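**Q** One structure, pasted below without further comment.
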Amino acid sequence: MVLVGAHLRGSRVKADDRTPRADRVPSPVPSPEAPGQLPLFLEVAQAVAELSEHKSLRSFSLPYPPRAQRALDRMVLHCLALGQAPPRGVPELLAWCARRTVSDPVFGVPDTLVAPDARLVDPVGRMPTRTCLELASHGPDGVVEQRARNLLGVLEARCGSAERFLRCRSFLARHPVVHQHHRFQREWDKTGWTRVKNLYRPVPESMLSAGLLLRCSNCGLPALLRDGMEPWAGPLFSGSETWCESEECPHGTPLTLTRDPSHALVLDRSLRSLLALPYAVEQAALDELDHVAIAYEPLPGGISAYRLRDVASPARTLYFYDRLQPALLAARCAAPEALSAGPAFVVIPERLAHRADYRATFTAALPEELRERVTLTTPQGLLQALRSPLARSQATMPGHRPPSTADHDRRDDHA
């Protein structure tokens, strides 16, 4: 079957919803996947993530990459089974991802996995949402997280020592965007840059607003204006007509403008999502540990995880995340390779912990055998969680300082 896609160039997509007629009742049971095949919604999420890496989601035409073509073919068959008109090509499928929520039957995302009002493509920025990237990281075939782990693994091997790797990891987390003028600043780490510069690339067209690069001053990540809007001289602030890659920064946050984006580089998006985003949580929690002289050491692999230097066994482990979907986070924590033995403390931002259903959804999604071992907490609540009766019964609070390599890295972080 050959599907010819409409071209999306310039303004927002105009494809219609193609909602079913009243006499067409969607089947409540989606067509089953073939053995070993990803669920359709995961394949669509991975296709959206891949497409955005190669070209703007505002403009895409034939030939489609294999993953996108496969997702489109499966969506066509799925829609026919539901009695709905299928998308006419990848551009229309992307338009659905921006306009329809994941609860729409065409996507079939279980409401126990993702909040039903989430979307796969942001309607303002026309970029994959964080929910999309979290879905694309889900399970053993999660492409976004696997890419981040692979990149950090190669960097760790290339650094040759834990101290050099920690410094490079800190550099990456604190510099999601690098501009040429940064290299002339006194605090610029020239040695570190030579080790990590291959993890950066030129700013893609999809991240530019009228040829200019915007960044959120709160999270430091790229930002965009709604289609057709151009940055103007003077201060810019986030709002309903802007998109910030973190999706969580408050309206009214100043946006910085770079008029020569050809002299800027952006960190690989998998590392922006999985290293730079949770870095603020990691640093806040480690500050709390430093304040009371609790020692810790990073776990191998580079993703935000530390082991407390306990004198008792099993050791307690800290994991730092900034993920919007608590059920997906619980699934990540429940993966066999995700948690070390012993008590685990999953530290998330305060803003997520204060959501009414975040904790309850996370706990409900955890396997029952992990609910006593995994504690969801925040940087401000970490010490109390560590001193809880359960934590005290399983490990002893240490009283000495972190090793010199960790201290060195922490001093560099606060320079």
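The values are calculated or read from the model by the stated rules, or taken from the named source; none is laboratory data. Being a predicted model, the structure only gives us computed values, none of them experimental. Cβ atoms come from the backbone with ideal geometry, glycine included; neighbour counts cover every protein chain shown. Side chains included, ligands, DNA and RNA excluded: accessible areas come from the protein's heavy atoms. Shrake-Rupley method; radii C 1.70, N 1.55, O 1.52, S 1.80 Å.
**Q** Report the rotationally averaged projected area of segment 161-313 based on its alpha-carbon convex hull, in square nanometres.
**A** Details: hull surface 45.1 nm².
So the Cα hull casts an average projection of 11.3 nm².
**Q** While we're looking at this one, here's another question. Please check which bits of segment 180-215 a label hung off Val154 would reach, taking the label as a point 7 Å along Cα-to-C-beta and the cut-off as backbone N under 13 Å.
**A** 196-201, by backbone N distance to the label point.
**Q** Could you pull out every residue, at least 5 positions away or on a different chain, whose amide H is within less than 5 Å of the one on Leu277? Hs are placed 1.01 Å off N in the peptide plane, and Pro or chain starts have none.
**A** Under 5 Å from the amide H of Leu277: no residue qualifies.
**Q** Probe radius 1.4 Å, ligands and nucleic acids ignored: give me the carbon and sulfur share of the accessible area of segment 211-252 as a rounded percent.
**A** Taking all protein chains in place, segment 211-252 shows 53 percent carbon and sulfur surface.
**Q** Another question about this same structure. Give the long-range amide H neighbours of Leu376: residues separated by 5 or more places, or on another chain, with amide H under 5 Å away, using H modelled in the peptide plane at 1.01 Å from N.
**A** Val346
**Q** Accessible area of Glu145, 1.4 Å probe, to the nearest 10 Å²?
**A** 10 Å²
**Q** Considering only C-alpha atoms, what is the centroid distance from segment 249-307 to segment 199-227, in Å?
**A** With segment 249-307 and segment 199-227 each reduced to a Cα centre, they are spaced 18 Å.
**Q** Using a 1.4 angstrom probe on heavy atoms only, work out the carbon and sulfur share of the accessible area of segment 42-149 in %. Show your work: numbers first, answer last.
**A** Details: 2080 of 3570 Å².
Roughly 58 percent, rounded to a whole number.
**Q** Going highest first, how would you order 342-348, 76-82, 187-193 by mean Cβ packing within 10 Å? Mind showing how you got there, number by number?
**A** Values: 342-348: 22.7, 76-82: 16.7, 187-193: 13.0.
Sorting 342-348, 76-82, 187-193 by mean packing, highest first, produces 342-348, 76-82, 187-193.
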